[in-house]
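Q: First, the structure itself, so that you have it in front of you.
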Amino acid sequence: MSVAEAIIIAIVEGITEFLPISSTGHMIITEKLLGVPHDDFTKLFTVGIQLGAILAVVVLYWKKFMTPLTTGRKGWEFYLKLLVAVIPALVLGFIFSDKIDDLLESSLTVAVTMILGGIILLFIDNVFKHHPVETEEQISFPKAFMIGLWQCVAMIPGVSRSAASIIGGMQQHLTRKLAAEFSFFLAVPTMAAATGYKLLKGYETISTENIKLFAIGNIVAFIVAMLAIRFFIGFLQKHGFKLFGYYRIIGGIVLLIMLATGYLKG
């Protein structure tokens with residue numbers, strides 16, 4: 001992997017990680033279009049640069065993450081809710097780790113789930129109209145756990161962790177803005193755990209040159225993710241999910257055409 005390829009993949013990660021369009025799916029396709037070998041290091045790189053995206057959330061919402069340290073026992077409930085919500089992903093991710101890795105090889109899976117997820121996003125605003133939960137403090141522990149279960153659907157490439165957890169939040173009667181923000185918060189422990197696990201398993205593939213690529217990738221992903229998060233929250237409040245739904249459907253159809261014509265291998 002060259003520096004230019006690492007930057008391109010990191011830009012894709014930063015843009016797509018927190019939008020409901022599937023960062024994993026986009027990076028898989030980007031790698032194949034660039035001709036980057038899907039070897040052990042590439043798999044590690046696409047997970048490792050999520051650290052930059054995680055840091056973007058912590059920096060943008062630093063007051064929220066620091067509040068428990070200054071508000072006492074009540075403030076610590078924020079972290080406990082994240083812990084409860086991340087448990088399903090930790091358990092299922094550990095159990096099905098190898099099968100998830102196998103699915104990451106399939107462009108067809110990404111194409112199909114992109115289309116199906118897009119159809120859902122077209123109607124989500126009409127399906128979930130009741131939003132009495134307007135603040136994080138109103139999110140109960142059972143609601144947090146249910147959102148965590150929804151997030152697990154994103155273990156299928158192309159589904160989008162962001163989309164799954166936001167849909168889960170709205171199904172639990174969170175407002176669009178709160179569902180998106182809680183999805184961002186939940187991304188921190190979820191992605192940190194997944195990244196740490198992958199790095200521990202694959203640290204032997206990291207050379208001096210690879211460390212440079214990791215550093216560049218994380219810096220780029222951090223900057224781009226900050227911009228993407230700011231854009232998404234503002235856009236979501238004004239326009240909802242339909243544009244992302246259309247994007248997913250069109251993108252999935254394009255992928256199916258590329259697969260059918262042999263331009264992209266499954």
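Q: Can you work out the FRET efficiency for the pair Ser2 and Thr261, with r the C-beta to C-beta distance and R0 = 45 Å, to the nearest 0.05?
A: So, using R0 = 45 Å, E works out to roughly 0.95.
Q: Give the residues of segment 25-47 whose amide nitrogen is closer than 15 Å to a point set 7 Å from the Cα of Glu209 in the direction of its Cβ.
A: 36-37, 39-42
Q: Which entries in the list Lys43/Lys143; Lys81/Lys177; Lys63/Lys143; Lys43/Lys238 go over 26 Å, if you measure between the two C-alpha atoms of each?
A: Lys43/Lys143; Lys43/Lys238, as the Cα separations exceed 26 Å there.
Q: What is segment 148-266's relative contact order, in percent, from Cα pairs under 8 angstrom and six or more apart in sequence?
A: Worked out over segment 148-266, it gives 16 percent.
Q: Could you work out how far helix 50-60 tilts from the main Cα principal axis of the chain, as a 0 to 90 degree angle to the nearest 10?
A: 30 degrees
Q: Computed FRET efficiency, Cβ-Cβ of Glu134 and Val59, R0 41 Å: what is it to the nearest 0.05?
A: The formula returns an efficiency of 0.95 here.
Q: Quick one: what are the phi-derived ³J(HN,Hα) couplings along segment 234-242, Karplus 6.51/-1.76/1.60 with θ = phi - 60°, whole Hz, x for glycine and proline?
A: x, 5, 4, 5, 8, 10, x, 9, 4
Q: Ordered by packing density, taken as the mean number of other Cβ atoms within 10 Å over each peptide's residues, highest first, how do 29-42, 5-18, 244-257, 155-168 rank?
A: 155-168, 5-18, 244-257, 29-42
Q: Please report the relative contact order for the chain, taking Cα pairs under 8 Å with a sequence separation of at least 6, and give it as a percent rounded to a whole number.
A: 37 percent
Q: By how many degrees, between 0 and 90 and to the nearest 10, does the Cα long axis of helix 107-127 differ from the longest principal axis of the chain?
A: Approximately 20 degrees, to the nearest 10.
Q: For Lys64, Lys212, what ranking results if the residue with the fewest other Cβ atoms within 10 Å of its Cβ goes first?
A: Least to most surrounded, the residues fall as Lys212, Lys64.
Q: Next question, about the same structure. Please find the FRET efficiency linking Thr67 to Phe145, where r is the Cβ-Cβ separation and R0 is fixed at 22 Å, and quote it to the nearest 0.05.
A: 0.50
Q: Counting helices only, and only those DSSP H runs with n ≥ 4, report the 222 nm mean residue ellipticity of the chain as the sum of -39,500 (n - 2.57) divided by its residues, in deg cm²/dmol to the nearest 500.
A: -25000 deg cm²/dmol
Q: While we're here: What ranking of Glu137, Glu77 emerges when the number of other C-beta atoms within 10 Å of each C-beta is taken as an exposure proxy, fewest first?
A: Glu137, Glu77
Every read-out reported here was derived from the displayed coordinates using simple, explicitly stated rules and does not represent laboratory data. Because the structure is a prediction, the values reported are computed rather than measured. Note that we place each Cβ from the backbone using ideal geometry, even for glycine, and neighbour counts take in every protein chain shown.
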